[in-house]
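S.K.: What follows is a structure written as structure tokens; I'll ask about it next.
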Amino acid sequence: MNGTIVEISEIAGELILQVALEKELFPLPGQYLSIRSNDPSTVLPVSAYPISARGQVLSLLPDKAEHWHVGQEISLRGPLGNGFSLPVSAGRIGLIGLTQKQALCLLPLARALLDSGKEVALVSDAVLQGLPMDLEILPGEQAIEVCAWAEAAAFAVGREEIGPLLSRYRFESIRKTIEVLVITEMPCSGTAVCGVCAVATKKGWKHACKEGPIFALNELVEE
């Protein structure tokens with residue numbers, strides 16, 4: 001699919017692309033798209049996480065803030081990967097995205113959960129705008145408390161942060177669904193051939209681009 005960048009904005013250092021599409025896309029929270037400039041000099045595509053969708057205009061958070069400009073034509077592939085699959089029975093959901101990028105990646109999930117009548121708390125130290133009025137925002141220091149309160153939870157972390165996540169929060173004793181969005185470069189766009197996005201799990205290495213980027217917390221291990 002082709003699209004055109006109609007607006008570029010920045011939120012606390014993170015670049016957001018507003019892209020007008022040929023037709024509507026409906027990515028699930030947690031899925032990503034592969035985008036590439038139609039400039040023939042561009043070699044590798046860039047992974048981009050949907051932040052919001054309004055008709056045929058999609059807000060994207062690219063993993064690289066390079067060579068984008070208003071009016072630029074781009075090609076998009078996706079949605080790719082697996083979305084979040086938190087249990088429908090869970091009424092209280094904790095979302096933990098401490099950094100700006102992590103919190104932005106969780107916003108589609110927050111909106112979807114609120115629309116379905118869930119009680120949602122987002123733990124973050126980010127600067128966020130245009131949030132749903134009924135979304136509770138708490139500082140990063142309350143992550144443990146929110147996970148204890150929640151009936152299910154979702155994290156967004158960089159691939160290099162999986163080890164600290166596992167050691168810091170010690171969730172092995174918590175019997176509830178906890179899912180992790182692993183944010184990493186995925187240049188091969190879901191073909192799982194380059195190995196750049198490999199994630200260590202209890203069943204061996206898995207690729208975030210194809211078998212993720214959502215993983216169950218209890219399947220992750222430190223590298």
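S.K.: What's the percent breakdown of Cα-Cα distances in the stretch 2-80 across 10 Å bins, shortest bin first?
M.R.: 19, 60, 20, 0
S.K.: If you line up the long axis of helix 100-115 against the longest principal axis of the chain, both from Cα atoms, how many degrees apart are they, to the nearest 10?
M.R.: 70
S.K.: Another question about this same structure. By what distance, in whole Å, do the Cα atoms of the stretch 1-133 stretch along each of the three principal axes, largest value first?
M.R.: Cα spread of the stretch 1-133 along its principal axes, largest to smallest: 48, 28, 23 Å.
S.K.: Tell me, PHE84, PHE26 in order of fewest to most beta-carbon neighbours within 10 Å?
M.R.: PHE26, PHE84
S.K.: Of the lysine pairs in the chain, how many meet both conditions: Cα atoms under 26 Å apart, and a spacing of 8 or more in sequence or different chains?
M.R.: For the chain, qualifying lysine pairs total 15.
S.K.: Mind checking Rg over Rh on the stretch 92-219, alpha carbons, Kirkwood formula for Rh?
M.R.: 0.97
S.K.: Additional query: Quick check on the chain: helices-only [θ] at 222 nm, where DSSP H runs of length 4 and up contribute -39,500 (n - 2.57) each and the sum goes over total residues. Nearest 500, please.
M.R.: -4500 deg cm²/dmol, from helical runs alone.
S.K.: Give, to the nearest whole percent, the P(r) tail of the stretch 24-68 beyond 17 angstrom, counting all Cα pairs.
M.R.: Details: 342 of 990 pairs.
More than 17 Å apart: 35 percent of the Cα pairs in the stretch 24-68.
S.K.: Can you give the Kirkwood hydrodynamic radius for the chain, in Å, rounded to one decimal and based on Cα pairs?
M.R.: Result for the chain, one decimal place: 17.8 Å.
S.K.: Another question, then. Where both partners of a DSSP beta bridge lie in the chain, what percent of those bridges are antiparallel, to the nearest 5?
M.R.: 65
S.K.: Still on this structure: Quick one: LEU86, LEU220, LEU181, fewest Cβ neighbours within 10 Å first, how do they rank?
M.R.: On the way: LEU86 24, LEU220 20, LEU181 28.
Least crowded to most crowded, the residues run LEU220, LEU86, LEU181.
S.K.: To continue, here is another question. Among MET133, MET186, which comes first, second and so on when ranked by fewest other beta-carbon atoms within 10 Å? Provide the component values of the computation, followed by the final result.
M.R.: Details: MET133 5, MET186 27.
The fewest-first ordering by Cβ neighbours comes to MET133, MET186.
S.K.: What are the radius of gyration and Dmax of the stretch 78-117, computed over its Cα atoms and given in Å?
M.R.: Computed over the Cα atoms of the stretch 78-117, radius of gyration and Dmax are 11.1, 30 Å.
Since every read-out is calculated from the coordinates, none of them should be taken as a lab result. Because the structure is predicted, anything quoted here is derived from the model rather than measured. Cβ sites come from the backbone with ideal geometry, for glycine too, and all protein chains shown count toward neighbours.
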